[in-house]
Amino acid sequence: MKILLINLPWESGAKDYTTRQYLLTAYVKYPPLGLLAIAAEVNPKHSIKLLDAMAANMSIEDTVQHIRSYKPDILGISVVTRHLYQMCVISRRIKEELPDTKIIAGGPHVNYWPEETMRLGTLDYILPGYGEKTFPLLIDTIEKGGEPQLMKNIPNLYYRSSDGQIHSNPLEKAPIILDSLPFPNRRFINLDDYYSAVDRVKTTTLYSSRGCPFSCIFCDVQEKRFHYRTAKSVVDEFEEIIKLGIKEIHVFDDTFNIRRQRVIDICNEILKRGIKVRWSARARAVPFDREMILLMKEAGCTRLHIGVESLDPATLKYMNKKQTREQILNFFQLCREFDMETLAYFIIGFPNETREYRKSLLEEVIKLGVTYAFCNILSPLAKTKYYQSLLDDGIFKEDYWVDFIRNPKKDFELPLPRSPQLQKELEAVADDFHRRFCYRLKFILREVKKTILSPRMLLVKAKLALLLFSEAKHRNGIP
Ligand code: B12
Ligand code: SF4
């Protein structure tokens, strides 16, 4: 059978104001690990192709044309909530034009809203949860004729019986230790198509764990159990990736260092095998200590990403970050001491945050010695405590996300949770933050030095710098 897996295009997706729109596509293009993971154990007798319409900057129409000319027997779509409209348009068009193609959706949106997604009526199957084992099972069952009674044996599956009724099979909990899952199969993509603006050389991502037990009020990572690979499995994947010619690995976990001992074990395993590769990870400020950073450094870790969010103690408390200002300062102190690069994310726009705080933020960030910094704007994402608080307090009169999820609209935009003037001010602060952070002589010289041997990465960085400049020209400074 011909299977086509797609990552949806950006066009007409729901807008939010978390990250400034012009930065979204310029900064990062990373591989769709979810699609690569579900493809890994599909019987090799089937032909699988992957279309990353987002990375290829394709339009909805281009994507439909591509699917139509490929004529797959099975179309698998990975869906995030913000791309639900694109999913509906594309799957409806394919149902009309290729009625024999079976369409299956999975991914973060489907995991959160399976019933509602099935009710949209454009899909044959919905497969929430981890798809590594269930997707190949569904393919085999469809190949055998796809009778509804056979579908009963596929965990998590939503399907229709012959009378059109929706059925769902019981949800199977994913294992806590993920070593039995295959590694994402990276041969379905061209690794050269992916990069981030902070890379120096050819890089790719891996996940060593999934889920985060914390409950920051703005965050929609719903997977609250921490699932992880053991050190052996993580380092096996490092070795597999190195064989693909990759020189730098970015561990894209929700939070890499939740378990201190696992971090230590991974570093020791890298050292034991004598692996020489640069790597980076997404971390929290706790647990973090001298022994840990020393070992990480020895094992090749060169950069840590951290969601600082705020440097104001009251705001940190309000957002339930479970990370104090002191712990954050200690994190950066250790990173400076051990010459570990950092990429820090900040969020502005929390209630009670003062204008003075925002004005002094950039200066504080520079003092901390942060290597790269992002300033986002607080936005009420679906299923977050922050969004719920806006509903509870009557600031939002309707459940706009639920309306969108039941009836996805083109270019959907949530109403602002604050005055338009304040929103404008926050946008100006974020733009000014990025521009002034990047337009420092020290920063520019360091970036050029780091990337001088990679014309491709120099070009990515130059494009980003131009973008920051042209955006700044549209503004007259912070109101
Ligand atoms: C890596 C990552 C990225 C990377 C790569 C994105 C990509 N295409 O994969 C980058 C930085 C580019 C990115 C961008 C964005 N991301 Co992102 N990202 C992540 C992150 C941290 C890890 C995803 C991952 O690789 N997991 C490991 C893989 C193996 O798991 P998985 O993707 O969930 O896939 C499994 C299942 O979901 C399922 N599955 C997935 N697809 C399919 C398809 C089928 C047919 C089937 C059957 C099953 C299936 O099986 C897979 C294997 O178990 C998650 C957080 C998280 N923990 O999920 C956020 C997350 C997915 N991103 C999110 C968002 C919002 C975005 C953006 C829209 C942000 C923005 N404004 O630009 C964009 C658009 C992304 C897009 N269209 O894919 C949200 C989605 C929330 C939601 N409700 O939908 C998440 C959950 C983070 C969050 N809470 O905010 N992201
Ligand atoms: S922001 Fe980070 S620490 Fe907080 S819940 Fe989300 S993933 Fe976990």
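Every number in this text was worked out from the coordinates using simple rules, so none of it is lab data. This structure is a prediction, so every number in the text was calculated from the model and none was measured. Cβ placement follows ideal geometry from the backbone for every residue including glycine, while neighbour counts extend to all protein chains displayed.
What does the charge count around Leu414 come to, taking other residues whose C-beta lies under 9 Å from its C-beta (Lys +1, Arg +1, Asp -1, Glu -1)?
Charge balance in the 9 Å sphere: -1.
Need one number: % antiparallel among DSSP beta bridges in the chain, to the nearest 5.
Percent antiparallel among DSSP bridges in the chain is about 15.
For Leu5, enumerate residues with amide H under 5 Å from its amide H, sequence gap 5+ or separate chain, H modeled in the peptide plane.
Lys49, Leu50, Leu51, Gly76
For segment 377-390, take each phi angle, set θ = phi - 60°, evaluate the Karplus expression 6.51 cos²θ - 1.76 cosθ + 1.60, and give the result in whole Hz per residue in order, putting x for glycine and proline.
Result, ordered by residue: 10, 4, 9, x, 7, 4, 6, 9, 5, 5, 4, 4, 5, 5 Hz.
In terms of Cα to Cα distance under 24 Å, which lysines are near enough to Lys317, apart from those fewer than 8 places away along the same chain?
By straight Cα distance, Lys317 reaches Lys224, Lys359, Lys367, Lys383, Lys385.
Run the lone-cysteine check on the chain: no other Cys C-beta under 4.7 Å from the residue's C-beta.
If one checks each Cβ against the other cysteines of the chain, Cys88, Cys212, Cys267, Cys301, Cys335, Cys375, Cys438 turn up with nothing under 4.7 Å.
In segment 2-168, what % of DSSP beta bridges are antiparallel (nearest 5)?
Of the beta bridges lying entirely in segment 2-168, close to 20 percent run antiparallel.
Taking a cut-off of 20 Å between Cα atoms, list the lysines near Lys144, but don't count ones fewer than 8 places away on the same chain.
Partners within reach: Lys2, Lys45, Lys71, Lys102, Lys133, Lys152.
Which net charge results for the neighbourhood of Arg20, defined as the other residues with beta-carbon distances under 9 angstrom from its beta-carbon, given Lys and Arg at +1 and Asp and Glu at -1?
-3
How many percent of the alpha carbon pairs in segment 1-55 exceed a separation of 13 Å?
Details: 1003 of 1485 pairs.
Result for the distance tail: 68 percent.
Let me have the relative contact order for the chain, percent, based on Cα pairs under 8 Å that are six or more residues apart.
15
What ranking do 5-16, 281-292 get when scored by the average of other Cβ atoms within 10 Å per residue, highest first? Can you show the working numbers first?
On the way: 5-16: 21.4, 281-292: 17.8.
Highest mean packing first, the order is 5-16, 281-292.
Over segment 107-253, calculate the relative contact order: mean separation of alpha carbon pairs under 8 Å at least 6 apart, over the residue count, as a percent. If you can, show how the numbers build up before the last one.
Details: 170 pairs, mean separation 27.5, N = 147.
The normalised contact order for segment 107-253 reaches 19 percent.
Over the Cα atoms of segment 2-168, what Rg and Dmax result, in angstrom?
15.4, 48
Taking θ = phi - 60°, what integer Hz values does the Karplus form 6.51 cos²θ - 1.76 cosθ + 1.60 yield along segment 94-102, in sequence order, with x for Gly and Pro?
3J(HN,Hα) across segment 94-102, in whole Hz: 5, 4, 6, 8, 10, x, 7, 6, 8.
Using a 10 Å cut-off around each Cβ, can you sort Thr324, Thr81 from fewest to most neighbouring Cβ atoms?
Numbers: Thr324 14, Thr81 25.
In order of increasing Cβ crowding within 10 Å: Thr324, Thr81.
Read phi for every residue in segment 49-63 and hand back ³J(HN,Hα) as whole Hz from Karplus 6.51 cos²θ - 1.76 cosθ + 1.60, θ = phi - 60°, with x for Gly and Pro.
Ordered by residue, 3J(HN,Hα) equals 10, 10, 10, 9, 5, 5, 5, 7, 6, 7, 8, 4, 5, 4, 5 Hz.
What net charge is computed for the residues neighbouring Leu311, neighbours being all others with C-beta under 12 Å from the C-beta of Leu311, Lys and Arg scored +1, Asp and Glu -1? Can you show the working numbers first?
Numbers: positive: Lys321, Arg325, Arg358, Lys367; negative: Glu309, Asp312, Glu326, Glu353, Glu363, Glu364.
Charge balance near Leu311 sits at -2.
What is the distance, in nm, between label points placed 7 Å from the Cα along the Cα-to-Cβ direction at Asp403 and at Glu96?
Rounded to a tenth, the inter-label distance reads 2.6 nm.
For a protection proxy built on the mean count of beta-carbon atoms within 10 angstrom, sort 448-457, 430-439 highest first, please.
430-439, 448-457
Taking Cα atoms, how many degrees apart are the long axis of helix 455-473 and the longest axis of the chain, rounded to 10 and kept between 0 and 90?
Here the helix axis deviates by roughly 70 degrees.
Can you work out the base-10 log of I(q)/I(0) for segment 375-454 at q = 0.12 1/Å, using the Debye formula on its C-alpha atoms alone?
-0.56
Could you let me know the centre-to-centre spacing of segment 176-227 and segment 111-167, using Cα atoms, in angstrom?
Measuring centre to centre over Cα atoms gives 25 Å.
Given H placed on each backbone N at 1.01 Å, which residues far from Ile347 in sequence or on other chains put an amide H within less than 5 Å of it?
Hits under the 5 Å cutoff: Glu309, Ser310, Asn376.
What do you get for Rg/Rh over segment 222-333 if you use C-alpha atoms and the Kirkwood form of Rh?
1.00
Tell me which residues come under 5 Å, amide H to amide H, from Arg210 once H is placed; ignore anything under 5 positions away on its chain.
Distant-sequence amide H within range of Arg210: His227, Tyr228.
Run through every distinct alpha carbon pair of the chain and return the Kirkwood hydrodynamic radius in angstroms, one decimal place.
Answer for the chain: a Kirkwood hydrodynamic radius of 23.8 Å.
Under unit Cβ charges (Lys, Arg +1; Asp, Glu -1), what dipole magnitude, rounded to 20 debye, does segment 301-380 have relative to its Cα centre?
200
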